[in-house]
2 protein chains.
Amino acid sequence: MTGPAHLGGHAKKHKVTIVGSGNWGSTISKIIAENTRLNKDVFEEQVQMWVYEEDVAIPASSKHFKGDDTPQKLTSIINSCHENVKYLPGITLPSNIVANPSLVDAVRDSTILVFNLPHQFIGKVCDQIRGQILPFARGISCIKGVNVSDDGVSLFSEWIGDGLDIYVGALSGANIANEIAAEKWSETTIAYDPPAMDSRAPSPRSGSPQPLFTVTEVPDSVHRDARGRTSKTKLTGVPPEYPPLDHDCFRALFHRPYFHVQMVSDVAGVSLGGALKNIVALAAGFVDGRGWGDNAKAAIMRIGLMEMVRFGKEFFGETVQSATFTESSAGVADLITSCSGGRNFRCAKKAVEKGITVDQVEQEDLNGQKLQGTTTAYEVNSFLKARGLEKDYPLFTAVNDILRGTRKVDDIPELVAAVDDE
Amino acid sequence: MTGPAHLGGHAKKHKVTIVGSGNWGSTISKIIAENTRLNKDVFEEQVQMWVYEEDVAIPASSKHFKGDDTPQKLTSIINSCHENVKYLPGITLPSNIVANPSLVDAVRDSTILVFNLPHQFIGKVCDQIRGQILPFARGISCIKGVNVSDDGVSLFSEWIGDGLDIYVGALSGANIANEIAAEKWSETTIAYDPPAMDSRAPSPRSGSPQPLFTVTEVPDSVHRDARGRTSKTKLTGVPPEYPPLDHDCFRALFHRPYFHVQMVSDVAGVSLGGALKNIVALAAGFVDGRGWGDNAKAAIMRIGLMEMVRFGKEFFGETVQSATFTESSAGVADLITSCSGGRNFRCAKKAVEKGITVDQVEQEDLNGQKLQGTTTAYEVNSFLKARGLEKDYPLFTAVNDILRGTRKVDDIPELVAAVDDE
């Protein structure tokens, strides 16, 4: 596969860095490295992968084990064996991935930064590389979740973008990393919609009929784009010697025969889908654990999906599309996967089956680590309560109340019984 | 629960007949009989259930078994034991259900007819009761599926309605009968939208702000209603001495604490959902049998849902709502249930796992009985092919081609790879 014609023939190529190298980060690096190899006219073949350095012994089960269990640098193992033996064992990575222990060195001169690390590290990473990256770089966040506080909801992509003064989109979908690493077919959704900084002067090189995403000039007013949207970030245009950083470009970077990419513009919807589905997965686990069967589980998923749409519309009404929730991989498909066998679902189900609290399951099975769903359920509830809106989200509220022990699973049907006819 | 105020206080009450007494028919009869007991001001308490008479021996496992295995009339067993020992064993039916072996007698004087029987019997049943029912009766079809031929797609509700010269709506959802009979919580969708025969003269008794569904007069032009829709059926208005047959009335008849009803107007969408999901369930079984995991299964369901929406919009564009597919129990929820453990899913999965055809699974496991999904897949494909539209429905087409042996499961990702960006 080669990229669309308008991407080629530029003086410069895009350099790509993946910030993060866990299970999902390594999988995304594999995909990207396969694509930079196939699209050498658009991307530099070699891709940088920032690896948080640690000493790792190659496990005896690995084909790279040579009878020596002395710990070695993880970056050295990846660069010599082309396998992340700790976080993605058994998968051969393309040899054009360069594992780099220096974050600042890894991101230097890259035009595309792909963030794929636990959200707790976002702040620290931004502090380290702020001012060390190209000012016109663009990012994609593969980190699921959103930041919810009583004050508001903010997206990880916004957090990174504001931290680095660059535009950052989001990738999310029904994407269990190990299945994708094994090249089992799946889909994903990438939302990318940078401010149209100068819609009157699209790049003459762009073959796109509506080059909304080709940013070539810095506007006079940096806080309001040509479509009237405001941004905290002063964006710098991508110089015209690079191929345009548009939907075609990101598709060429992420799409594989086993990893189908759907490009959209709704960053908020894509990000919210990946966060709110965890609340619904807890509810699905509750009713499944109660033995209510497939009808009830499907009902929970349907009601949860409707509350996800409502939440998006209510708090991101300007940009959110219902279809992102009801039609995209980042919406309904990710919800289905999470309610099938995801960790939130399994822990909630186990809690009900054993007659213990989810908190106890977290203590016993996760060493006290909190599930994403429980944290999100509490945060969203606190946010809704601060606005007097708990009643409008009966399922989200029920999950919070069941987690806190003030409601029972048996109350769910009554709690969600609000009429939702046309 | 009592019905909304405007339903009460009429000179006459609605009499209800359930036509059919299988697993699902008996379950729906239980629901209805519970509700007629609670809403005696609107409905006659006693409900008629037409039972195809047969001689049945009470099984030794039944609590009604008294050491005698002489076959008895099924209607007698139901009326004395209040249990359909053959089709819904173990569930006590309300004593206000009257099992009636005479179809004509069962439907006599009923204002509400609920059809819940295998679709093969629709024609014969209509022939028997045509002219024997109240001319202003209204029906609800609980029969899943649609009639697809090269000529077109028609709904079972329309078939019954045209056969009896009455208006018939549709009930469908994520409704596994045994779970509902056990009073495990679920949801359903009822679509009811009779022609607004005289929108200028709504029933003064109706408390509804927009009594579109209250039909009080026979219009001059019987083939075009006040909303401009045409109908083959000459409808007769419900006399004003009855409570209006509107959404509130049907909710009062079907809604239970364990069976939540969502009322909509989109009869075509509700009916199509129950038919087309079986094609998608086959595809989900194919990829699951291939071992592709939860990502792939969720992708299939997402793509399938999109093709269901497209099909509805393309062929029932006047009335179909996308939301019926993406937001209702008859759409996304029923699809989820069918792709979790439904028969089409299981048989398709087994075929791929064993390396045999679905046809062979039908022969071996179903005594040659055809799955609904295979029949629908062939019919829909033939319908699309006749219009040159196979390419617009790559998943539906792939399922047909895999069933016919001209494509393989491994081809699915490539076949459905058409870009569906915004």
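The values are calculated or read from the model by the stated rules, or taken from the named source; none is laboratory data. Here the structure is a predicted model, which is why all the values come from computation and not from measurement. A quick note on method: Cβ atoms are made from the backbone with ideal geometry, for glycine too, and the neighbour counts reach across all protein chains shown.
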From the residues in region A:356-366 that are closer than 18 Å to A:Ile279 by Cα and of a type in the set (D, E, K, R), which one is farthest from the chain's Cα centre (by Cα)? A:Asp359
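For region A:129-161, enumerate the residues that are of a type in the set (Val, Ile, Thr) and within 14 Å of A:Glu379 (Cα to Cα).
Initial filter on region A:129-161 (of a type in the set (Val, Ile, Thr)): A:129, A:133, A:140, A:143, A:146, A:148, A:153, A:160.
Result: A:Val146, A:Val148, A:Val153.
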Subset of region A:163-173 that is touching a residue at least 60 places away in the same chain (Cβ under 8 Å), over 19 Å from A:Asn23 (Cα atoms) and touching a Leu at 6+ places or on another chain (Cβ under 9 Å) - its residue that is farthest from the other protein chains (Cβ to nearest Cβ): A:Asp165
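If you check A:Gly312, A:Gly317, which single one turns out to be small (Gly, Ala, Ser) and either part of a helix (DSSP H, G or I) or modelled with pLDDT of 95 or more (or both)? Walk me through how you get there before you give the answer.
Values: A:Gly317 fails: either part of a helix (DSSP H, G or I) or modelled with pLDDT of 95 or more (or both).
After ruling out the rest, the residue left standing is A:Gly312.
One line per residue, one yes/no per condition, for (1) in the same structural domain as A:Asp127 (by the TED database); (2) touching a helix residue (DSSP H, G or I) at 6+ places or on another chain (Cβ under 9 Å):
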{"position": "A:Gly9", "(1), (2)": "no, no"}
{"position": "A:Val19", "(1), (2)": "yes, yes"}
{"position": "A:Met49", "(1), (2)": "yes, yes"}
{"position": "A:Ile58", "(1), (2)": "yes, yes"}
{"position": "A:Ser61", "(1), (2)": "yes, no"}
{"position": "A:Glu83", "(1), (2)": "yes, yes"}
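Name the residues in region A:146-157 that are touching a residue at least 12 places away in the same chain (Cβ under 8 Å) and of a type in the set (Asp, Glu), would you?
Start the filter on region A:146-157 by keeping residues that are touching a residue at least 12 places away in the same chain (Cβ under 8 Å), which leaves A:146-150, A:152-153, A:155-157.
Once the filter is applied, which keeps residues that are touching a residue at least 12 places away in the same chain (Cβ under 8 Å) and of a type in the set (Asp, Glu), region A:146-157 yields only A:Asp150.
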Flagged in region A:142-174 as part of a loop (DSSP other than H, G, I, E, B), touching a Ser or Thr at 6+ places or on another chain (Cβ under 7 Å) and either among the basic types (Lys, Arg) or surrounded by 24 or more Cβ atoms within 10 Å (Cβ to Cβ) (or both), in numbering order, are A:Lys144, A:Gly173, A:Ala174
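Restricting attention to helices (runs of 4 or more DSSP H) lying wholly within region B:1-117, give those where 2 or more residues are over 27 Å from B:Lys184 (Cα atoms) and in contact with a strand residue (DSSP E or B) (Cβ under 8 Å, 6 or more places away or on another chain). If you could, list the steps in order and put the result at the bottom.
Details: elements: B:23-38, B:74-81, B:103-107.
The helices (runs of 4 or more DSSP H) meeting that bar are B:103-107.
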Selected residue (criterion: surrounded by the fewest Cβ atoms within 10 Å (Cβ to Cβ)) from residues of region A:271-317 that are free of Cβ contacts under 8 Å to residues at least 24 places away in the same chain and more than 9 Å from chain B (Cβ to nearest Cβ): A:Gly317
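Restricting the search to region A:175-198, which residues are of a type in the set (D, E, K, R) and either out of contact with any Gly (no Cβ under 7 Å at 6 or more places or on another chain) or assigned to a loop (DSSP other than H, G, I, E, B) (or both)?
Going through region A:175-198, the residues of a type in the set (D, E, K, R) turn out to be A:179, A:183-184, A:187, A:193, A:198.
The answer is A:Glu183, A:Lys184, A:Asp193, A:Asp198.
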Considering each of A:Ile160, A:Ile133, A:Ile176, A:Ile143 in turn, give the residue that is touching a residue at least 24 places away in the same chain (Cβ under 8 Å), touching a His at 6+ places or on another chain (Cβ under 6 Å) and not hydroxyl-bearing (Ser, Thr, Tyr). A:Ile143
What are the residues in region B:98-135 that are more than 21 Å from the chain's Cα centre (by Cα) and over 22 Å from B:Leu235 (Cα atoms), if any? B:Val98, B:Ala99, B:Asn100, B:Pro101, B:Ser102, B:Asp105
B:Thr189 versus (1) at pLDDT below 75; (2) touching a strand residue (DSSP E or B) at 6+ places or on another chain (Cβ under 6 Å); (3) of a type in the set (Ser, Thr, Tyr): which is the lone unmet condition? (1)
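Taking helices (runs of 4 or more DSSP H) that fall entirely within region B:338-422, which contain at least 2 residues that are assigned by the TED database to the domain that holds B:Gly152, under 25 Å from A:Glu187 (Cα atoms) and among the hydrophobic types (A, V, I, L, M, F, W, C)? Let's see the steps before the verdict.
Numbers: elements: B:343-354, B:358-365, B:372-386, B:394-404, B:412-415.
Of the helices (runs of 4 or more DSSP H) lying wholly inside region B:338-422, none has at least 2 residues that are assigned by the TED database to the domain that holds B:Gly152, under 25 Å from A:Glu187 (Cα atoms) and among the hydrophobic types (A, V, I, L, M, F, W, C).
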Just the residues that are hydrophobic (A, V, I, L, M, F, W, C) and farther than 15 Å from B:Val114 by Cβ, please, taken from region B:163-178. B:Ala174, B:Ile176
With the checklist (1) modelled with pLDDT under 95; (2) over 20 Å from A:Ala177 (Cβ atoms); (3) out of contact with any Cys (no Cβ under 7 Å at 6 or more places or on another chain) in hand, flag the one item A:Pro59 doesn't pass. (2)
Exactly one of these conditions fails for B:Glu353: (1) among the acidic types (Asp, Glu); (2) more than 10 Å from every other protein chain (Cβ to nearest Cβ); (3) within 25 Å of the chain's Cα centre (by Cα). Give me its number. (3)
Identify all residues within region B:106-120 that are touching a residue at least 12 places away in the same chain (Cβ under 8 Å) and surrounded by fewer than 18 Cβ atoms within 10 Å (Cβ to Cβ); write none if there are none. B:Arg108, B:Asp109, B:Pro118, B:His119
Given (1) touching a residue at least 40 places away in the same chain (Cβ under 8 Å); (2) among the charged types (D, E, K, R); (3) closer than 28 Å to B:Phe259 by Cα; (4) within 13 Å of chain B (Cβ to nearest Cβ), index of the condition A:Asp266 fails: (3)
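If you go through region B:318-341 one residue at a time, do you hit one that is more than 14 Å from every other protein chain (Cβ to nearest Cβ), more than 14 Å from B:Ser271 (Cα to Cα) and not aromatic (Phe, Trp, Tyr)? Even if it seems obvious, please write down each step before you answer.
First pass over region B:318-341, keeping only residues more than 14 Å from every other protein chain (Cβ to nearest Cβ): B:318.
Then drop every residue that is not more than 14 Å from B:Ser271 (Cα to Cα), which leaves B:318.
Subset that is not aromatic (Phe, Trp, Tyr): B:318.
Within region B:318-341 (the criterion being more than 14 Å from every other protein chain (Cβ to nearest Cβ), more than 14 Å from B:Ser271 (Cα to Cα) and not aromatic (Phe, Trp, Tyr)), the answer is yes, since at least one residue qualifies.
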Test for B:Val361: is it touching a residue at least 40 places away in the same chain (Cβ under 8 Å), away from chain A (no Cβ under 13 Å) and not acidic (Asp, Glu): no
